[in-house]
Amino acid sequence: RTVYVNGDYLPETEAKVSIFDRGFLMADAVYEVTSVLDGKLIDFEGHAVRLKRSLSELQMAEPCSKDELLEIHRKLVELNGIEEGLIYLQVSRGSDGDRDFAFPSEDTKPTIVLFTQNKPGLADSPASKKGAKIISIDDIRWGRRDIKTTQLLYPSLGKMMAKAAGCDDAWMVEDGYVTEGTSNNAYFVKGGKIVTRPLSTDILHGITRKAVLRMAAEAQMVVEERLFTVDEAKEADEAFTTSASAFVMPVVEIDGVTLGDGTPGPIAKRLREIYLDESRKAAV
Ligand code: PLP
């Protein structure tokens with residue numbers, strides 16, 4: 001693989017970052033994951049805008065312009081021959097060669113790293129045809145989940161708890177209400193109505209969420225943004241999640257309770273189709 005680090009395109013074995021980098025020492029870093037279909041970027045604009053916001057919320061410098069970012073993404077797709085897959089981008093506050101809780105001086109350069117993940121068959125994945133089994137777990141993350149930081153230890157533990165329970169993923173619950181999945185936004189459907197938690201600092205403002213809600217409205221589907229409990233979701237006709245890496249993923253089981261007939265629901269399937277179709281057309 002050819003990867004990108006601080007201005008250079010290098011073989012992955014030659015790419016280097018300081019051990020003092022605050023991304024490494026303190027998870028003082030933000031990231032984005034953009035999907036690639038037909039060799040093109042899905043919703044690059046959305047990811048670029050959210051990256052800018054994450055950086056700004058943490059008073060971190062922008063490592064390059066949006067145009068340069070687009071060029072780097074495109075070049076990595078080309079150099080690595082990606083038709084379907086993902087591009088991971090991380091920007092950290094960098095380092096001034098020591099460890100300190102206080103930020104390093106303003107002229108410290110941020111560290112920017114990008115790499116591709118080749119995933120043939122991503123759009124047509126067997127997992128999306130089967131649907132996901134979900135467990136619910138407490139949400140014990142920090143309070144600024146709207147900033148896409150690399151503090152992913154708890155979501156990672158959540159994924160492992162799901163695996164240990166023979167499931168695929170976990171939805172997190174705070175004060176009785178579902179916040180989101182470990183790496184996706186959460187929805188259920190009841191009586192034709194799509195319900196999802198409203199945007200706040202409690203959840204990541206999913207780029208896929210925004211697109212899917214727009215497309216659902218355009219397809220005359222009814223969307224309600226409100227808090228909901230796991231019990232409500234368990235009694236739903238169907239459920240699903242959205243993310244850049246799995247698009248629209250049907251959910252077929254929550255805490256051992258089967259939804260509908262245990263296969264992906266019609267609304268989730270239709271939204272997945274619409275999302276893939278429209279995103280492909282708009283890809284850059
Ligand atoms: N929520 C969390 C906690 C995530 O980590 C992610 C994606 O990584 C999402 C939601 C979905 O966001 P997006 O659609 O921008 O990928």
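Structural remarks
- One residue from 128, 56 being away from the ligand (no atom under 16 Å from the Cβ) and either of a type in the set (Ser, Thr, Tyr) or in contact with a Leu (Cβ under 6 Å, 6 or more places away or on another chain) (or both): 56
- Residue count for the range 87-112, restricted to those that are among the β-branched types (Val, Ile, Thr) and over 17 Å from the mean Cα position of the chain (by Cα): 3.
- Filtered by the rule that a residue be more than 16 Å from the ligand (Cβ to nearest atom) and of a type in the set (Lys, Arg), the range 107-125 gives a lone residue, 109.
- Within the range 36-74, the set of residues being within 24 Å of residue 141 (Cβ to Cβ) and among the small types (Gly, Ala, Ser) comprises 46, 54, 56.
- Criterion applied to 35, 56, 65 was being among the hydroxyl-bearing types (Ser, Thr, Tyr), surrounded by 14 or more Cβ atoms within 10 Å (Cβ to Cβ) and modelled with pLDDT of 95 or more, and the one residue passing it is 35.
- Just one of (1) of a type in the set (D, E, K, R); (2) surrounded by 18 or more Cβ atoms within 10 Å (Cβ to Cβ); (3) out of contact with any strand residue (DSSP E or B) (no Cβ under 6 Å at 6 or more places or on another chain) fails for residue 16. It is (2).
- Residue in the range 96-110 that is at pLDDT 95 or above, of a type outside the set (Phe, Trp, Tyr) and within 30 Å of residue 195 (Cα to Cα) present: no
- Among the residues of the range 227-239, those identified as closer than 8 Å to residue 188 by Cβ and surrounded by 19 or more Cβ atoms within 10 Å (Cβ to Cβ) are 228, 233, 236, 238, 239.
- Candidate set: the range 201-252, residues that are touching a Gly at 6+ places or on another chain (Cβ under 7 Å) and among the acidic types (Asp, Glu); chosen: the one nearest to the ligand (Cβ to nearest atom): 238
The values are calculated or read from the model by the stated rules, or taken from the named source; none is laboratory data. Given the structure is predicted, the values throughout are model-derived calculations rather than measurements. For neighbour counting, all protein chains shown are included, and Cβ atoms are generated from backbone atoms with ideal geometry for every residue, glycine included.
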